[in-house]
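Accompanying notes for the structure given below.
Since every read-out is calculated from the coordinates, none of them should be taken as a lab result. All of these numbers come straight from a predicted model, not from anything done at the bench. Glycine gets a Cβ as well: all are built from the backbone with ideal geometry, and neighbour counts include every protein chain shown.
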Amino acid sequence: MTTGAAPAGAKVVLGLDVGTTAAKVSAFALGGGWRGGAANEYPLQQPQPGWEVQDPEVMWRALREGLAEVAALLGEASVVGIGVSTAMHGLIGLDAEHRAITPLLTWADSRAAEQAMALRGTELGRRLHHTSGTPVHSMSHLTKLLWYGEHEPDLLASARWWVGLKDFIVYQLTGQLVTEVSNASGTGLLDLSTLTWNTEALELVGVDADRLPPVRATTDALPLTDSLADEVGLPRGLPVVLGAGDGPLGNLGVGALEPGVVGLSLGTSGAVRMITDRPYVDAAGRLFCYNLAEGAWVLGGAVSNGGIVVRWAGDVFGVDFADDAGGNPDGMLLDLARHVPIGSEGLVMLPFLMAERAPLWNPSIPGAFLGVRRGHGRQHFVRAAVEGVALMLSAIIDELDRVTPVRQIRATGGVFRSTVWREILTAALGRPLVVTDGAEGTALGAAALALYGLGQASSLRDGLLQLGQDVGSGDELVPDEAEVAAYRELRAGIPALLERYDQVRTLFG
């Protein structure tokens, strides 16, 4: 990212990205050429096994500090607006004064796994997925509210508002409590046909619609409060475009904007998504359907276990590498794994270290290494870890392929700095893979959507172009057909392997 002050007279739009590990504020000059930004981190807390929570006030302070840092870079530049992105699926209870009375239950929080599994296979569960576009899973507001109803009913009843992370952040920015269609479509509580709260879902969780924020379009804007503007050094009345969830905006940021072009983001977790012009819910219930903007809906699946799997493998198998001054334990292990043949000589990892989402949507299934033999060394275990993640992502690609044939994958994420990750994913996914410069992809998407919402761009694609983003750029990797065939054969055996594993895993608690 460019450092230093913005050019005098430049027009700038801000993109906010409030994620699981940090709040990022990015500034983009219209026409391209200058970018500035700030990032402030905060912890993810684990008070009990399966609980993954954060303090929303700490997250807000991190964002507010970032706004002040970036405002100091703007000088005589003109700020046209702010676009907002946050992580999806987080749930917060507020009192009547809009103060948080619960922590943020993040997407990774799996305390509602029992409620999710009890509902998922029922006719009601299938109907709620079809109505909302959100798979029945412990990540959703639907199942988290069911958990509160069973375990903390007094708290469920006493909270004046139940909101998402985006809603909380927008309230801090504008003083108005609203949500937008994108994050609302990830709650399990929205009716995609009417874009209003679903009465059947609300009756199930015991929360009335007037205890949820009103639903607005992702392109709607509200003014920044005068007090915050003065505090951080931004213009009073600056329009804040509500924006969308981080996943849909990630697709926009990498330029995956049409059917057949898939956006793949892979960091700690990962996701595969494709845009269509209308809502779509698959009969098998394996895909989500979330909104980006009017006429732009995002289909796909997210995996909880992405790069974190290799980080875990590094902690377990690369302790000696960690002592190498200036070394890169993950990279050193991956270099060893590069020389292991496809299929890791019979070793398979089911990479479910955290409560998994797609393609199984089963938060209770634990991970495992299967097929272990005496000849397997740490290089095999690391290779199997990468292949396990790649095979889960390829299963989601297969589901999207049934909707519209997938012809290209546009990818972003820190793992793509590794040759091993690039090679394995290209072959396992079996499509041309374009690795984009997407370090600011979600914030870039938020900024582009803001321009569109403010009428300064004629389309989502034009919003990217206005920011100097070449939506066709990136290094394209073409898969080797022999390697594609080898992974296709390996993938074909995974369903039966999972079925047999599911039958025996209960023996181990």
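Tabulated values for the structure
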quantity: Spin-label pair residue 459/residue 48, simplified geometry with 7 Å Cα→Cβ offset, distance in nm; calculated: 5.0
quantity: D_trans [Stokes-Einstein, Kirkwood Rh over alpha-carbon pairs] for region 11-245, 20 °C, 1.002 mPa s, µm² s⁻¹; calculated: 117
quantity: In nm, spacing of pseudo-spin labels at residue 95 and residue 203 (7 Å Cα→C-beta vector); calculated: 3.3
quantity: Region 396-509 - convex hull of alpha carbons, volume per residue in Å³; calculated: 173
quantity: Radius 14 Å from Cβ of residue 459, net charge of other residues (Lys, Arg +1; Asp, Glu -1); calculated: -3
quantity: Average projected area [Cα convex hull, region 283-387], square nanometres; calculated: 9.5
quantity: For region 316-439, the spread of Cα positions along each principal axis, largest first, Å; calculated: 47, 34, 26
quantity: Percent RCO, i.e. relative contact order, over region 277-321, from Cα pairs under 8 Å lying at least 6 residues apart; calculated: 26
quantity: Values of log10 I(q)/I(0), in the order q = 0.06, 0.08, 0.10 Å⁻¹, for the chain under a Debye, Cα-only, solvent-free model; calculated: -0.26, -0.48, -0.76
quantity: Bridge type composition, the chain - antiparallel percent by DSSP, nearest 5; calculated: 70
quantity: Percentage, to the nearest whole number, of Cα pairs in region 231-357 over 18 Å apart; calculated: 67
quantity: Residue 57-residue 195 pseudo-label distance in nm [points 7 Å out on the Cα-to-Cβ vector]; calculated: 3.6
quantity: Extension gain from residue 316 to residue 158, taking 0.36 nm per residue of separation minus the Cα-Cα distance; calculated: 52.4 nm
quantity: Peptide ranges 426-436, 191-201 listed from the most packed, as the mean C-beta count within 10 angstrom indicates; calculated: 426-436, 191-201
quantity: More than 12 angstrom apart: percent of Cα pairs within region 1-60; calculated: 70
quantity: For region 49-149, diffusion coefficient by Stokes-Einstein and Kirkwood Rh (Cα), 20 °C, 1.002 mPa s, µm²/s; calculated: 134
quantity: Cα Rg, Dmax (largest Cα-Cα span) when computed across region 126-170, Å; calculated: 12.1, 32
quantity: Segment residue 231-residue 332, extension gain: residue separation times 0.36 nm, minus the distance between their alpha carbons; calculated: 31.7 nm
quantity: Hull-based mean projected area of region 268-327, where the convex hull spans the alpha carbons, in square nanometres; calculated: 6.1
quantity: Extension gain (nm, one decimal) between residue 280 and residue 492, 0.36 nm per residue minus Cα-Cα; calculated: 73.7 nm
